[in-house]
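Since the structure comes first, as structure tokens, the remarks are kept for the end.
The values are calculated or read from the model by the stated rules, or taken from the named source; none is laboratory data. Note that the coordinates shown come from a computational prediction; the quantities given were computed from them, not determined experimentally. Cβ sites come from the backbone with ideal geometry, for glycine too, and all protein chains shown count toward neighbours.
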Amino acid sequence: MDYSLVTEVYERIEGTTKRLEMTDYLVEFFRRTPKEIIDKVVYLTQGKLYPDFMGIEMGVAEKLAIKAVAKASGRRESEIEEDLARTGDLGETAQKFLEKKKQLSFFKKPLTVERVYQTLDKIARVSGEGSIDLKVNLLAGLLADASPKDAKYIIRTVTGKLRLGIADMTVLDALAIAYGGGKGAREIIERAYNISSDLGKVAKAVAEGGIEAVKNFRISLGNPIRPMLAERLSSPAEILEKLGGKCIAEYKYDGERIQAHKSGDNVILFSRRLENITSQYPDAVELIRNHIKAREAIIEAECVAVNLDTGEMMPFQELMHRRRKYDIEKAASEYPVSLFAFDALYVDGRDLTLEPYPVRHEILEKIIEQNDRFQLAKYMIVDNTEDLERFFEEAVEAGCEGLVCKSLGGDAIYQAGARGWLWIKYKRDYKSEMTDTVDLVVVGAFHGRGKRAGTYGALLLAAYNHENDTFETICKCGSGFTDEDLQNLPKMLEPYRIGHRHPRVNSNLEANVWFLPKMVIEVIGAEITLSPIHTCARDLIRKGSGLAIRFPRFTGRYRTDKSAEDATRVDEIVEMYKRQLKKIEAE
């Protein structure tokens, strides 16, 4: 398949602000793609070579890419750097210089998708002495045979700045239409994706074998399952009503959620975002290896920093010292962890995701050999508000964020990759003021003035609308940022900068700078109010009004453990607002 067909589609997608058009372009593209390479095409369209959990990155820094562009175009590196300073986009710079190439190539090799993928794969895997020169030569070789437009997208791909903004859900929609007979097949295809976390593998299966092929997907050790998520309520009475009058309440620990895969002595740990974090928690690996009695298992647990001298749990920020590439053993001794297991998804060949939670919990209890550092999450079965409230206060006193209340019903399956009312977070009471934090997505920015000249004065933040897969603005936030934050923000956000409002962003405000909806930050505010400007929950409370956070403030916490689609949802904001009103009325 000619790579120019790929860049043609990328250009069309980049030029639209309509999500349905984006999906239509993908459908047409997938139908034209040979089935044997559809997985590679899907990965490339995501800006990667493999699913994230495999941890294989292209590893091409901007400096290295500049060398390759210079070599392919016959120009000096300084010329490339000067133009890059003007454009801010090395892809555009590469296109420009290859259009003005000094020496034409007489023997160009055909540039196919297969060749581009294989070359990028070589670049990702090469290491050791001489690896930089080899990477430059491999990339320059591709660029020399590329059209200027192809070169633009190759450079954007290798530097991690493809910027198409195509969400996984959009790809699933396109696959359902292209190969499953319509959007009705989306649920089956999504189930396969949720238990494999491998969009390319799913695409190839449905392209080659149709819907029956994806129906046969099975859980596989080493392939993480997309995590189940919880809804949020603040009243014990409402929680019990939602869960049929009785539930199992568990401590909600202030740690890092991990999914552990054990096969014999081999243990792999995945983060909430399905990154392989095994190397960062060697002590957690040992705990799982030695205290899970099953030969094969996939369990979920909260990994919490603890003071081994006192047994006290430490805040999440302390755990982040473990997120490093070097001095792991030193970090493990300074910030040891304990594990609190709360779910079993697979045990010795048995898929438990379609079993009700009480069955999963009972099996989990049987396969864990508990000790001081590896235990079940503390739980209690409750059927009245007084017990639930007391258990909540106990959890907070112990250093937890609150509780997660779970259904005991026969339909309480593990909803991989979904958020539902089978699990409900109970964190703290909402009063007339906003006392709970929310996780919001950075979608735009406004230039600073005075002391903030040269950086961003405020960020435009949005909540996630899961029903139509869009991001709806809820506030401009300029408070809570340290001088260091303000200095670093432009650099941190540069990889996500785009030239126009993203089609998945719903905004009435015109930001000075727009971003792909990627970065998530934690925010607290004074209260949630009706807004004639912001689009969050527009028309749901009152015609012509949305919801906004009044006096928002950045807490200092960058939610690197969350994707944009894991941010606080619009319906959660609506519930928070309604409860806030009830509190005001009661007072």
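Report the residue count in region 391-412 for those that are loosely packed, with under 15 Cβ neighbours inside 10 Å, assigned to a helix (DSSP H, G or I) and touching a strand residue (DSSP E or B) at 6+ places or on another chain (Cβ under 9 Å).
1
In region 340-351, how many residues are touching a helix residue (DSSP H, G or I) at 6+ places or on another chain (Cβ under 7 Å) and within 10 Å of E300 (Cβ to Cβ)?
Qualifying residue count for the region: 3.
Inside region 476-529, can you point out the residues that are under 14 Å from G457 (Cβ atoms) and part of a strand (DSSP E or B)?
K476, C477, V513
Residue by residue through region 214-252, note down the ones that are outside the structural domain of M313 (by TED's automatic domain parsing), part of a helix (DSSP H, G or I) and surrounded by fewer than 17 Cβ atoms within 10 Å (Cβ to Cβ).
Once the filter is applied, which keeps residues that are outside the structural domain of M313 (by TED's automatic domain parsing), part of a helix (DSSP H, G or I) and surrounded by fewer than 17 Cβ atoms within 10 Å (Cβ to Cβ), region 214-252 yields only K215.
Looking at this structure, is D387 of a type in the set (D, E) and within 28 Å of P552 (Cβ to Cβ)?
no
Since I154 meets every condition but one in (1) more than 19 Å from the chain's Cα centre (by Cα); (2) in contact (Cβ under 8 Å) with a residue 24 or more places away in the chain; (3) farther than 21 Å from L5 by Cα, which condition does it not meet?
The number of the failed condition is (3).
Being of a type in the set (V, I, T), within 30 Å of T278 (Cα to Cα) and buried (at least 17 other Cβ atoms within 10 Å of the Cβ) is true for just one of T45, T93. Which residue is that?
One residue alone meets the criteria, T45.
Considering each residue of region 253-289, count those that are buried (at least 22 other Cβ atoms within 10 Å of the Cβ), among the β-branched types (V, I, T) and more than 19 Å from Y335 (Cα to Cα), and give that number.
Total meeting the criteria: 0.
Which count do you get for residues in region 526-561 that are on the phi > 0 side of the Ramachandran plot and at pLDDT 90 or above?
Going through region 526-561 one residue at a time, the tally reaches 3.
Hey, among the residues in region 413-437 that are among the hydrophobic types (A, V, I, L, M, F, W, C), assigned to a loop (DSSP other than H, G, I, E, B) and at pLDDT 85 or above, which one's farthest from the chain's Cα centre (by Cα)?
My answer is I413.
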